[in-house]
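Trainee: First the structure, then my questions, so here it is.
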Amino acid sequence: MRVLGIDPGLERLGYAVLDSTRGAPSLVSYGLVTTERSDPVEKRLLVIYEDVRGIIEHYHPERIMIEQLIFARNVTTAMMVSEVRGVLLLLSAQMKLRVEEVSPSQLKRIICGNGRAPKAQIQRSVQCLLGLSEVPSPDDVADAVALALVGFART
């Protein structure tokens with residue numbers, strides 16, 4: 001099985017591709033899709049669409065795990081992330097991929113055993129679970145790796 005985890009964001013979108021090797025997940029690829037803050041939103045959304053489409057076409061995941069939007073204090077940020085999520089959901093539908101959403105507390109509970117775990121604990125847990133030599137960073141990438149791991153935990 002191959003899972004694509006995505007931590008959506010307009011300026012930085014973290015992604016991670018995990019594959020199943022003899023029943024255990026292994027990290028295939030990870031990174032950031034970035035957009036220029038000075039560009040119009042529609043151009044930034046197009047960059048995200050094209051880059052994520054390229055990732056999907058290259059790695060052929062069976063499903064996509066996306067972090068569920070929990071309304072934050074910053075309404076502007078929530079709106080921008082909602083627009084990115086809309087692009088990702090549209091792209092997934094076009095490519096006939098199953099999408100699963102995971103709330104931040106579910107992710108923390110599954111990966112760390114604690115629904116209120118801090119970011120650093122998520123990063124260390126991901127490092128340990130995958131036997132990585134270093135902690136995935138930045139946070140957007142670590143969250144994407146954790147999301148992909150949740151995809152394996154739910155099978």
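Trainee: Considering the stretch 104-146 alone, what residues qualify as being of a type outside the set (D, E, K, R), crowded, with 21+ Cβ neighbours inside 10 Å and in a helix (DSSP H, G or I)? Walk me through how you get there before you give the answer.
Mentor: Step one: filter the stretch 104-146 for residues of a type outside the set (D, E, K, R), giving 104-107, 110-115, 117-118, 120-123, 125-133, 135-138, 141-142, 144-146.
Of the ones still in play, those that are also crowded, with 21+ Cβ neighbours inside 10 Å are 107, 111, 122-123, 125-126, 136, 141-142, 144-146.
Those that are of a type outside the set (D, E, K, R), crowded, with 21+ Cβ neighbours inside 10 Å and in a helix (DSSP H, G or I): L107, I111, I122, Q123, S125, V126, V141, A142, A144, V145, A146.
Trainee: For L90, work out the one condition from (1) at pLDDT below 95; (2) under 16 Å from V33 (Cβ atoms) it doesn't fulfil.
Mentor: (1)
Let's see how each residue does on (1) exposed (fewer than 14 other Cβ atoms within 10 Å of the Cβ); (2) of a type outside the set (K, R):
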site: G5; (1), (2): no, yes
site: R12; (1), (2): no, no
site: S20; (1), (2): no, yes
site: A24; (1), (2): yes, yes
site: V28; (1), (2): no, yes
site: E42; (1), (2): yes, yes
site: V47; (1), (2): no, yes
site: H60; (1), (2): yes, yes
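Trainee: Another one. Go through the stretch 1-55 and give me each residue that's out of contact with any strand residue (DSSP E or B) (no Cβ under 8 Å at 6 or more places or on another chain) and part of a strand (DSSP E or B).
Mentor: T21, A24
Trainee: Which residue is modelled with the highest pLDDT, if the candidates are limited to the stretch 106-148 and must be touching a helix residue (DSSP H, G or I) at 6+ places or on another chain (Cβ under 8 Å) and basic (K, R)?
Mentor: Restricting to residues being touching a helix residue (DSSP H, G or I) at 6+ places or on another chain (Cβ under 8 Å) and basic (K, R), the top hit is K108.
Trainee: Of the numbered conditions (1) touching a helix residue (DSSP H, G or I) at 6+ places or on another chain (Cβ under 9 Å); (2) closer than 22 Å to Q127 by Cβ, R22 satisfies every one except a single condition; which is it?
Mentor: With respect to (1) touching a helix residue (DSSP H, G or I) at 6+ places or on another chain (Cβ under 9 Å); (2) closer than 22 Å to Q127 by Cβ, R22 is out only on (1).
Trainee: Also, quick follow-up: Would you point out which residue out of L46, L27 is farther than 18 Å from V126 by Cβ and out of contact with any Pro (no Cβ under 6 Å at 6 or more places or on another chain)?
Mentor: On the way: L27 fails: farther than 18 Å from V126 by Cβ.
It is L46.
Trainee: Starting from residues that are without any contact (Cβ under 8 Å) to a residue 40 or more places away in the chain and surrounded by 14 or more Cβ atoms within 10 Å (Cβ to Cβ), keep the ones in the stretch 88-103 and report whichever is farthest from A24 (Cα to Cα).
Mentor: Out of the qualifying residues, it is L89.
Trainee: Still on this structure, please answer the following. Does the stretch 57-103 hold any residues that are in a loop (DSSP other than H, G, I, E, B), among the charged types (D, E, K, R) and within 14 Å of the chain's Cα centre (by Cα), and which are they? Break it down stepwise before answering.
Mentor: Narrowing the stretch 57-103 to residues in a loop (DSSP other than H, G, I, E, B): 60-62, 68-74, 95-97, 103.
Then drop every residue that is not among the charged types (D, E, K, R), which leaves 62, 73, 96.
Listed by number, the list is empty, since nothing qualifies.
The values are calculated or read from the model by the stated rules, or taken from the named source; none is laboratory data. In this text the structure is predicted, and so the values were computed from the model without any measurement. In this analysis, Cβ positions are derived from the backbone assuming ideal geometry, glycine residues included, and neighbour counts consider all displayed protein chains.
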